[in-house]
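A.B. asks: Dumping the structure here so I can ask a few things about it.
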Amino acid sequence: LVNLTSQYGLYPIFLEPIFNIVGLSVLSVTSVMGVLLSLSFLFIFFFLNRIIKNKIILLLGFSTIVVYLLDGSANPYPYFQYWPIRTFFPCLLLLLSSIYFKGRNKMLYYALFIISALSILWNFDSGIMVFISWMLVLMYLEMYNTNKKVMITKIIRHIVTGIVSLGLVFAGYWVYSFLRSGQLPDLSLFFQYQKLFYEGFMMIALPFPHVWIVVVLIFLAGLLLSIKKWIGRDSDWKNASIFFLSILGIGLFSYYEGRSHDATFYLPLYLPIILLIIFADALYSIIVSNAKLHGHRLLFLMIISFILSSPLGLIYKSGEYYNWSSIGLSSFFEKSETPLTRNVNFIKSNTHEGEEIVILAKAFDGVYYGESHTRSVLDIPSFTEVFFKREADYIVDFLRCNMTNKVFVYPFSEFYAQSGNDLVDIRINQTIKDLYAITSTSSEDMVLLLHSSDTLEDCK
């Protein structure tokens, strides 16, 4: 937030100490994301294990969540921007809040405020929903208090604690940023992407009719059940977890509501599936105690048939999943050459470790920097995430005045043709054409360019 922005939040700052130890590469990034993803699933499993009585329903339900992650995007490549970046803190809070609801531990109470505040820095989209949901569930718990004066006092205390926690976390980041850069961060940059998207950039309207209506009905059912329990003064800790899940789910489902593409529909489905698992377990307990409740039996059969279909799908697609795994493992152990690895070697042969360069690529520029052990001299996000004119202006100005830093372009034939494949801004292509000369070419259409002009005009 001083000289660089990040569309997906400040999570790199949290992970930087890890990469300082293990190094930055495709393998290290994938491994760290894999650990975070595994932890997210563990948090979900431990939560379900606490709240679900029937272990068969627990295992079937949990496998359904796993299957929906594997099958949701119809390819073997995890979408790290959501899993685990937008799921890690929601899953962590889901587990820890259930522990708090049951024991009301004071230390955990304050820890959850700090964690939920940190989640906003980690990723604003999911973090703000985590923070709001935590505040609302605490207010929900206080609504059970029949003494209105005590209830209002405690609600105000929760609000004040939340504000103080948020202030401490953001103040801590400001101090960290100042000690590191000598400048205070620009908080407006933290919200720039949300502002851009909510103004309509890349948004897709909700389709109707569509299965998303069922998801909303599941969340509403959770809320209605929580309200019913509150009216009946049933203050069981499980009710608080259902309320928290429902509020959090509604908030996080805005990810799909804003950009209503089928590919994004599957990503937040883990929360309504968790609610369905809880409903199935509760219905099963009711049916066992009273076999005459035919309506409950029908609803249970509907939910369990959905939950059961996913493990069957897992068995049906086991060959496909095996192929994904075997291809990945063979690529890892055999170190086979690909166009990407050949381009990495090309960059390595023309640079030294830690050298500041420019890589103009339609995709994988982060991979090229990481694997070649170079860094970008441009303080911008990946080229696939350059959305603002000021960023394009910065790139053009740098390229126009750059006399020392090497520039790599890929794929050069498409880049030079200007056939609808311009990198961010056509001015970048034109600047390269006018001022740069090819000094070396790879076998995969990547080129090394250097500034060809002897004099620079209007450059500071």
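The values are calculated or read from the model by the stated rules, or taken from the named source; none is laboratory data. Just so it is clear, the model here is predicted, and its values are computed rather than measured. Backbone-built Cβ (ideal geometry, glycine too); neighbour counts: all protein chains shown. Note: accessible area is taken over every heavy atom of the protein model, side chains too, but ligands, DNA and RNA are not part of it. Shrake-Rupley method; radii C 1.70, N 1.55, O 1.52, S 1.80 Å.
A.B. asks: Give the long-range amide H neighbours of ILE359: residues separated by 5 or more places, or on another chain, with amide H under 5 Å away, using H modelled in the peptide plane at 1.01 Å from N.
C.D. replies: Those lying under 5 Å, H to H, from ILE359 are PHE408.
A.B. asks: Measuring with a 1.4 Å probe in the full set of protein chains, what accessible area per residue, in whole Å², belongs to the stretch 77-186?
C.D. replies: That works out to 47 Å² per residue.
A.B. asks: Report, ordered by chain and residue number, the aspartates and glutamates lying within cross-link reach of LYS55, taken as a straight Cα distance under 15 Å and ignoring same-chain residues fewer than 8 apart.
C.D. replies: Cα-Cα hits under 15 Å: ASP281.
A.B. asks: Cα-Cα over 27 Å: which of LYS154/LYS195; LYS53/LYS228; LYS317/LYS362; LYS195/LYS362; LYS102/LYS148?
C.D. replies: Values: LYS154/LYS195 34 Å; LYS53/LYS228 21 Å; LYS317/LYS362 33 Å; LYS195/LYS362 25 Å; LYS102/LYS148 23 Å.
Pairs exceeding the cut-off: LYS154/LYS195; LYS317/LYS362.
A.B. asks: Would you grab the residues whose amide H sits under 5 Å from the one on ARG259? Only those 5+ places off in sequence or on another chain, please, with H modelled 1.01 Å from N.
C.D. replies: ILE204
A.B. asks: Provide the net charge surrounding ARG50, with neighbours chosen by a C-beta distance below 13 Å and charges set as Lys +1, Arg +1, Asp -1, Glu -1. Present the calculation step by step, with values, prior to reporting the outcome.
C.D. replies: Numbers: positive: LYS53, LYS55, LYS102, LYS238; negative: ASP236, ASP281.
Taking every Cβ under 13 Å from that of ARG50, the sum is +2.
A.B. asks: Using a 1.4 Å probe and counting only protein heavy atoms, arrange TYR68, TYR109, TYR176 so the residue with the most accessible area comes first. Display every interim value, and only then the final one.
C.D. replies: Details: TYR68 55, TYR109 0, TYR176 80 Å².
Largest accessible area first, the list is TYR176, TYR68, TYR109.
A.B. asks: Put TRP83, TRP237 in order of accessible area, largest first, 1.4 Å probe: what do you get?
C.D. replies: TRP237, TRP83
A.B. asks: For a protection proxy built on the mean count of beta-carbon atoms within 10 angstrom, sort 267-273, 178-184, 393-399 highest first, please. Walk me through the numbers on the way to the answer.
C.D. replies: Numbers: 267-273: 22.4, 178-184: 10.9, 393-399: 17.1.
Sorting 267-273, 178-184, 393-399 by mean packing, highest first, produces 267-273, 393-399, 178-184.
A.B. asks: Would you mind telling me the share, in percent, of accessible area of the chain contributed by carbon and sulfur at probe 1.4 angstrom? Mind showing how you got there, number by number?
C.D. replies: Values: 15280 of 23400 Å².
Using a 1.4 Å probe with all protein chains present, the chain comes out at 65 percent carbon and sulfur.
A.B. asks: Determine the calculated [θ] at 222 nm for the chain from helices alone, applying -39500 (n - 2.57) to every DSSP H run no shorter than 4 residues and normalising by the residue count; nearest 500 deg cm²/dmol. Present the calculation step by step, with values, prior to reporting the outcome.
C.D. replies: Working: 20 runs with 302 residues, N = 460.
Value at 222 nm, helices only: -21500 deg cm²/dmol.
A.B. asks: Using 0.36 nm per residue, how much length does the chain from VAL377 to LEU196 gain when fully extended, once their Cα-Cα distance is taken away?
C.D. replies: Extending this stretch completely gives an extra 62.6 nm.
A.B. asks: Further, regarding this structure: What do you reckon, how do ASP236, ASP434, ASP425 stack up by accessible area (1.4 Å probe), largest on top?
C.D. replies: ASP434, ASP236, ASP425
A.B. asks: Still on this model: Could I have the simple spin-label model distance between LEU27 and TYR144, label points 7 Å from Cα toward Cβ, reported in nm to one decimal?
C.D. replies: 5.1 nm
A.B. asks: Which ³J(HN,Hα) values, rounded to whole Hz and listed in residue order, are derived for the stretch 239-247 from phi using the Karplus coefficients 6.51, -1.76 and 1.60 in 6.51 cos²θ - 1.76 cosθ + 1.60 with θ = phi - 60°, glycine and proline given as x?
C.D. replies: Whole-Hz 3J(HN,Hα) from phi for the stretch 239-247: 5, 5, 5, 5, 5, 4, 4, 5, 5.
A.B. asks: While we're looking at this one, here's another question. Would you calculate the separation in nanometres between label points at VAL160 and THR441, each defined as 7 Å from the Cα along the Cα-to-beta-carbon direction?
C.D. replies: 7.2 nm
A.B. asks: Now a separate question. Once both labels are modelled 7 Å past Cα along the beta-carbon direction, what's the LEU179-ILE56 spacing in nm?
C.D. replies: A separation of 5.6 nm, rounded to one decimal place.
A.B. asks: Can you tell me which of 28-35, 148-155, 377-384 comes out highest on packing, and rank the rest after it, using the mean Cβ neighbours within 10 Å?
C.D. replies: The most tightly packed comes first, giving 377-384, 28-35, 148-155.
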